[in-house]
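Contents: one structure, followed by commentary.
Read-outs: derived from the displayed coordinates by stated rules, not from any lab. Just so you know, these numbers come straight off a predicted model, no measurement behind them. Cβ: placed from backbone, ideal geometry, glycine included. Neighbour counts: every protein chain shown.
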Amino acid sequence: MNIVMMLAPMSVFLGLIGVGAFWWTLKNNQYDDPAGDAARILLDDPEDSPPAI
Amino acid sequence: MALTYELAPAADLTAFLKRRLGEKPSLDLLVKGARCAACLGKIERETAALPGVAASRLNLTTGKLTVSFDSLSSADPGAVVATLGRLGYPASPYDPGLAAEASEREGRRLALCLAVAAFGAMNTMMFSVPLWAGLFGQELGPATRVLMQWWCALVATPCALYAGRPFFESAWRSLKARRANMDVPISIGVLLTLGISFSETLLRGRDAYFDAAISLLFLLLIGRFLDHELKSRARSAAADLLALQAASATVVDEDGQERRRPIGDVGVGDRLVVRPGERIPVDGQVEAGFAELDCSLLTGEIRPVTLGPGTACPAGAINLSGVLRLRALARPEDSSLAAIARLVEAGAQSKSRYVRLADQAAEIYVPVVHGAAILTFAASWLLGLGPREALLRAVAVLIITCPCALGLAVPAVQVSASWRLFRRGVLVKSGAALERLARVNHVVFDKTGVLTEGRPELLDGPPSIVSLAAPLARASAHPLARALAAHAGPGETATDVVEHAGLGVEGRIGGRPARLGRAAFVGVPDCGSLETELWFGFEDDTKFRFRFSDRLRADAADAVAALKAMGLTVEVLSGDTPTAVARAADAAGIAQRRGGLTPIEKAEAVAVLQSGGHRVLMVGDGLNDTAALARADAAMAPGSALDASQNAADLVFSGDGLGAVVEALRVARGARRLALQNFGFAAAYNLVAAPAAMLGLINPFLAALAMSGSSLFVTLNALRLRTPR
């Protein structure tokens, strides 16, 4: 029984972390431009890119 | 292209700069054609490199580019637009407006409420499973049961209070207006359930319904979220259309400089320049220049009107040829367009009187269910149960008859219907529009641009003569000449071409001077012909006449036949001449037709039909249709229509066919049938469940099962619309 007393709050806490993460993504406008975010990963950043061979 | 128009000088767009205190000035632009990572990189790199630009970011999903500038004095928005144009992405200033911002905030709030409700429902469910097991004789001591109930309370109550706020606030607003919408029983149900569950937990009772309260909110929020997404997607698409036809005018300052200004800033007496392809912004008088005007969206006639100095020109017409210098005669709100705009407003009010299906259902549902709950409480108490037991039964009635099925019944159907129409190129502006469309029994078509393609086609002319005139026609940008050139196909182009605004085009074909244009210009006495025509001739040679007409859309006759087969009556109302209307109506197979109507007469004709018991669908594209579009029970406009018409319409269809009208009607009717089925199912379910709850046969497990089961059934039924049968 004691294990339940520990596991139940832990599972609720893990759920809360999920809700918090979702809240953070909403707050940071991460759903405004899904197509752009997918495209940006393909862009080379001139400063960071490795030197041409 | 032999002919290029004088390019507009880098337009002055400083009027569209957004200035916010403590922030850098910025400009929002709608960029067309950006699709991939390469476009995105190119656009951001090139615009950010411009002098004075601090940062530039493109939203690839919505096609909106935000450019911020270092300071107001160094900002040059015109250079940004010019750069984008050079890269091949036409851009126009965009103002999302306050409504869009509020809608976005509301969307985020609903998403967060949905997430909180999902978290609450899942975790409460976790603690509820042992409780349900206890109901079926599994080993569950009283201490463990109370512990689980307290955990349920701890998780469900804050979540329900937070996630239920959209419902509580809406219910409060509706109660203050002395009406009861669907959110009133939802709020009462949730709050009462939470309260009773608390008291049961304190009193060590068996029945606590925390899981029911929070999963009820979760299911309802799904419906609410879908409804909101449907509305905001349609709204942003409509706003994009508006931005592409940015309402601005080119005003000439006293020092002779041209500036682009929002149309609302144009005053009486301002001097304006209207270039070919632009729309006349306000009623005005021509000071200099000759041009032909396309008034087809105002009157329905495709024959261009010729203008010279001293003549008046109406707002809304499109300049086809020649640069016009005007003096504004009226402010935008007093222009001839404004009278139509007032009619549109009046029509929109009559539309808003429509009561949505879900609200109609709520009007029956609320008194019946609450009556049943009160009756249960009173009867059980009188029949000898304790007040606590009686109250528990009344709450069970409220929970079991939960309106989730009702709350999901309509949004789920409408989302799948509008998704299906979206894939067919039809944009649905709101769910209410679909409901109104489903009840239509009379269809009114406009002629020009709806039944017909809205552009002139060559009627007759021997092929040898057409090919003779074609080189000159290819050199001109005039719509009639383009129609002639399209008929002739590709070939050589005339040399030494000079375009005379409002008259015609002159040039050499094989060294011989030739003219194409109005009768008098070519050298034929003008006999005031009413035909849409073009004359052609070599100098000192025989002159030929080409006649043009507006061609019927390829599937117009099929679409009309399909509408008739669906039991609808069809009519044509047009501003064009009765003979032209008769010709088009005959070809499309429509017997009822009226021509020569003014915009106001059109709206009146629709009103007369409505008072005769008809429910009218108006399909129109012109400014002369907007009042009728707003007045009709449902309205559709093609994507080629004017912004004002698209605003007044409930649905906008793209593509060439009228088949979209038939499809939209089919889907709307199908959606109504499914929504009514869902209501029927919800009613049947309540007829079984409510008496069971009144007799005290319901426990928390059965309540949870019934609630999610009915919601699932309703959603699956709605999804049947996705796949065409």
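Remarks
- Taking amide H as placed 1.01 Å from N in the peptide plane, residue B:555 has its amide H under 5 Å from the amide H of B:658, each at least 5 places away in sequence or on another chain.
- Ranked for footprinting exposure by Cβ neighbours inside 10 Å, fewest first, B:282, B:415, B:524, B:497 give B:524, B:497, B:415, B:282.
- Only lysines eight or more places from residue B:24 in sequence, or on another chain, were considered; those with a Cα closer than 19 Å are B:64.
- Spacing of the modelled spin labels on residue A:38 and residue B:165, each 7 Å from Cα toward Cβ, amounts to 3.2 nm.
- Rounded if a/c under 1.5, otherwise prolate or oblate - region B:455-551, Cα gyration tensor axes: rounded
- Using a simple spin-label model with pseudo-atoms 7 Å out from Cα toward Cβ, residue B:136 and residue B:611 lie 6.6 nm apart.
- R0 of 56 Å, Cβ-Cβ distance residue B:106-residue B:306: FRET efficiency to nearest 0.05: 0.65
- Taking the Cα centre of the protein assembly as shown as reference, the dipole from Cβ charges on Lys and Arg (+1) and Asp and Glu (-1) amounts to some 2620 debye.
- Amide H contacts for residue B:576 (H built 1.01 Å from N in the peptide plane; partners 5 or more residues away or on another chain; cut-off under 5 Å): B:596, B:597.
- Unit Cα scatterers, Debye sum, region B:555-686: log10 I(q)/I(0) for q = 0.11, 0.16, 0.17 Å⁻¹: -0.43, -0.85, -0.95
- Based on the Stokes-Einstein relation at 25 °C and a viscosity of 0.890 mPa s, and on the Kirkwood radius from alpha carbon pairs, chain B is assigned a translational diffusion coefficient of 82 µm²/s.
- Taking Cα atoms only, the orientation of helix B:556-565 departs from the longest principal axis of chain B by about 30 degrees.
- Compactness relative to 2.2 N^0.38 Å, alpha carbon Rg of region B:384-526: 2.26
- Extended-chain gain in nm, criterion 0.36 nm per residue less alpha-carbon gap, residue B:173 and residue B:601: 150.1 nm
- Report note on the peptides B:128-137, B:372-381: ranked by the mean count of other C-beta atoms within 10 Å, highest first, their order is B:372-381, B:128-137.
- Cut-off under 5 Å, modelled amide H: who pairs with residue B:593 long-range: B:572
- Rg ratio (alpha-carbon, reference 2.2 N^0.38 Å) - region B:124-219: 1.20
- With respect to chain B, whose longest principal axis is taken over its alpha-carbon atoms, helix B:210-244 is tilted by about 10°.
- Counting charges near residue B:199 (Lys, Arg +1; Asp, Glu -1) among other residues having Cβ under 15 Å from its Cβ returns a value of +1.
- Derived scalar couplings between HN and Hα for region B:130-141 equal x, 5, 5, 4, x, 5, 9, x, 6, 6, 8, x Hz in order, rounded to whole Hz, by the Karplus curve 6.51 cos²θ - 1.76 cosθ + 1.60 (θ = phi - 60°), x for Gly and Pro.
- Sequentially through region B:265-278, phi angles give Karplus couplings (6.51, -1.76, 1.60; θ = phi - 60°) of 8, 7, x, 4, x, 4, 9, 10, 10, 10, 8, x, x, 8 Hz, Gly and Pro residues having no value and appearing as x.
- For region B:639-715, the C-alpha radius of gyration sits at 1.83 times the compact-globule guess of 2.2 N^0.38 Å, with N the residue count.
- Anisotropy class assigned to region B:534-622 is prolate, per the alpha carbon gyration tensor with a/c at or over the 1.5 cut-off and a/b larger than b/c.
- Straight-distance crosslink candidates among lysines, where the alpha carbon sits under 28 Å from residue B:447 and sequence neighbours closer than 8 are dropped: B:351, B:429, B:564, B:602
- Along its three principal directions, the equivalent ellipsoid of the protein assembly as shown from the Cα gyration tensor extends over semi-axes of 61, 33, 22 Å, largest first.
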